[in-house]
Structure formats: structure tokens, C-alpha cells
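The values are calculated or read from the model by the stated rules, or taken from the named source; none is laboratory data. Since this is a predicted model, take the numbers as computed values, not measurements. With ideal geometry, Cβ positions are generated from the backbone for all residues, glycine too; neighbour counts draw on all protein chains shown. The protein model used for the area step is the full one, side chains on, heavy atoms only, and it has no ligands, DNA or RNA in it. Shrake-Rupley method; radii C 1.70, N 1.55, O 1.52, S 1.80 Å.
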Amino acid sequence: MRLGAAGAALMAAALCAAAARPQGVQQASLPPLKIVGDAIPDSLTGHKGDPARGRAIVLNRQVGLCLLCHSGPFPEERFQGNMAPDLKGAGTRWSEGELRLRMVDARKLNPQTIMPPYYVVEGMNRVAPAFRGKPILTAEQIEDVVAFLATLRD
């Protein structure tokens, strides 16, 4: 079966919700975030993430699933996506705060985006009962990915 772009995007969101869920996260709501312009300037954890862990999340096809839609400077990875911006140069194009908002909930910038909201638990539709009230990635994982993407400077 072949999926069009919209079908692939829906599958990506479903896979993110089903497969990328950190084990043991039981969170009914998340703390409010301060959005300034097109960014969340403050770290979700109060400290910078670890770029090495962030790279592992980006490349892991069971956690971040980033390469389902994105491509990047990862020659060792086959079958990279072409439906979303190339991650090469992400740290040049966007600030850490801008990257953070795109990871947390890109719908704040573009309500029609196909990018899954990785740190949202409220206002989600058709979420399996086992996954309700849980973000796709933890605050620490978001900060790790942001730290890694910020290193991609072309």
C-alpha cells in the first residue's frame, strides 16, 4: 500500500504517539510555557540538554521518529524523509527557543502543520487511553533534541 503525503503524515503522528512514548510517564497536565514571538526562550527543565542524547533521539526510529519526515547530515542513516525541512543547518536557521517551540507544538506557528506536538497533553484528539495525559517526549528529551539541533550549523 502506498501512502500519499497526508497519509504518511498521519501515520507519523500515530507512530509518534504509539511508539515514542517514554515508559512510566504519568502526567495529567504540563506546566504552562511562556511563548515569546515564535519561540519558547526558557529551557523546559531549567538547564541545557545533552546534544549526544539529542542526536540519539533524532536518529532513533522508535523514539523521535524525526527521520520519517526529515532528512539531515546523517550519511549512516538510510531512508530519510523528504516531507519536512532538512535538519542540516537547523542551528543556523533557528535559535534554541525557536527550535524548542517547534518541538513542543509547531501548531502554534502553523495550525496546518504535519509536525506532531511532542510536548502537549491537552486538546489532543483520538488518543488511545493508555497514552492520554502523556507527552510524546519528556521535557528532558525535548531539551536534548534542541541542544543537538542547535549544533547543526551547516
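List of remarks:
Residues checked against (1) open to solvent by less than 20 Å² (accessible area, probe 1.4 Å); (2) out of contact with any Cys (no Cβ under 8 Å at 6 or more places or on another chain); (3) of a type in the set (Lys, Arg); (4) more than 17 Å from Leu101 (Cα to Cα):
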| position | (1), (2), (3), (4) |
| --- | --- |
| Gly46 | no, yes, no, no |
| Asp50 | no, yes, no, yes |
| Leu59 | no, no, no, yes |
| Glu77 | no, yes, no, yes |
| Met83 | no, no, no, yes |
| Gly91 | yes, yes, no, no |
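- Among residues of segment 117-130 that are surrounded by 10 or more Cβ atoms within 10 Å (Cβ to Cβ), those with a Cβ under 6 angstrom from a residue that is of a type in the set (Gly, Ala, Ser), sequence gap 6+ or separate chain, pair up as Val121/Gly133.
- Of everything listed in (1) of a type in the set (Lys, Arg); (2) surrounded by 16 or more Cβ atoms within 10 Å (Cβ to Cβ); (3) part of a loop (DSSP other than H, G, I, E, B), the single unmet condition for Arg55 is (3).
- Across segment 70-97, the number of residues qualifying as outside any helix (DSSP H, G or I), of a type in the set (Gly, Ala, Ser) and closer than 17 Å to Val145 by Cα comes to 5.
- Selected residue (criterion: nearest to Arg102 (Cα to Cα)) from residues of segment 34-44 that are open to solvent by 30 Å² or more (accessible area, probe 1.4 Å) and part of a loop (DSSP other than H, G, I, E, B): Asp38
- Segment 31-56 residues that are free of Cβ contacts under 8 Å to residues at least 24 places away in the same chain and more than 14 Å from Val146 (Cβ to Cβ), paired with ones that are assigned to a helix (DSSP H, G or I) and among the β-branched types (Val, Ile, Thr) (beta carbon under 9 Å, 6 or more apart): none
- Residue that is most open to solvent (accessible area, probe 1.4 Å), among those in segment 100-116 that are out of contact with any Lys or Arg (no Cβ under 9 Å at 6 or more places or on another chain) and among the aliphatic types (A, V, I, L, M): Ile114
- Members of segment 68-93 that are touching a residue at least 40 places away in the same chain (Cβ under 8 Å) and over 14 Å from the mean Cα position of the chain (by Cα): Gly72, Pro73, Met83, Lys88, Gly89, Gly91, Thr92
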